[in-house]
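**Student:** I have a structure I would like to understand better, so I am pasting it below and will then ask my questions one at a time.
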Amino acid sequence: MCRVKLHDDAKAFGELVARWQKPIRDLCTRMTGDMHRGEDLTQETFARLYSRRKNYEPTAKFSTFLWRVALNLCHDELRRLRRRRECVLDDSEADESMVEVLTDVDSMPDRFTLECERAEAVRHALVEIGESHREVVILRHYEGLKFREIAEVLGIPEGTVKSRMADALTQLNRILNPLLADPPTTPERMNERMMI
């Protein structure tokens, strides 16, 4: 980023985009619950990064700075959506993990369907919990950041991050437990299991 700031190095900026585009897109998609908005916000994140490159000050890790820019854009977008009262739920487009399951030759169709339903339930549940809880879950479980790193990104104490995570997991449990419980076993279902 220093080369981008000092020398307008397009190659260095291209390397940053190549390295960070997927994690930022995943973050934006999960925060908004919409793949297309996630793509748009990813482009906006990098456009904003480049347009403000001269103002960049390396006071923290670059990743911390980039996560914060993307999260701020997500929060702005979610506020706009609330004002317009739009529905932001993902319209059942398969994410990359579902594509992997689909291309697995050993996958059974019912297993694939179950995985799709569960992934959809988790996406919906993430959108239902508050933004401050959602961002902690996404940064920790999907992006793999440590609690200390999340605290840096969000500018809050590490204890607050852990508290939000506990609250978020409680909320997700409450939402998902009834949805992800195994369906009651019917005679037809038992016959299907026995035939497999």
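**Student:** Among the helices (runs of 4 or more DSSP H) lying completely within the range 1-52, list those that include at least 1 residues that are within 19 Å of ASN72 (Cβ to Cβ), in contact (Cβ under 8 Å) with a residue 24 or more places away in the chain and hydrophobic (A, V, I, L, M, F, W, C).
**Tutor:** 10-32, 35-51
Okay, residues lined up against (1) of a type outside the set (Val, Ile, Thr); (2) farther than 23 Å from ARG148 by Cβ:
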residue: ARG3; (1), (2): yes, yes
residue: GLY14; (1), (2): yes, yes
residue: ARG19; (1), (2): yes, no
residue: THR32; (1), (2): no, yes
residue: LEU41; (1), (2): yes, yes
residue: LYS54; (1), (2): yes, yes
residue: HIS75; (1), (2): yes, no
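Rundown of residues vs (1) at pLDDT below 90; (2) touching a strand residue (DSSP E or B) at 6+ places or on another chain (Cβ under 9 Å); (3) under 21 Å from GLU77 (Cβ atoms), yes/no style:
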{"position": "PHE112", "(1), (2), (3)": "yes, no, no"}
{"position": "CYS116", "(1), (2), (3)": "yes, no, no"}
{"position": "ALA125", "(1), (2), (3)": "yes, no, yes"}
{"position": "LEU139", "(1), (2), (3)": "no, no, yes"}
{"position": "LYS162", "(1), (2), (3)": "no, no, no"}
{"position": "ALA181", "(1), (2), (3)": "yes, no, no"}
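The values are calculated or read from the model by the stated rules, or taken from the named source; none is laboratory data. It should be emphasised that the depicted structure is a prediction, and the values quoted were computed from it without experimental measurement. Neighbour counts are summed over all protein chains in view; Cβ atoms, including those assigned to glycine, are modelled from backbone coordinates with ideal geometry.
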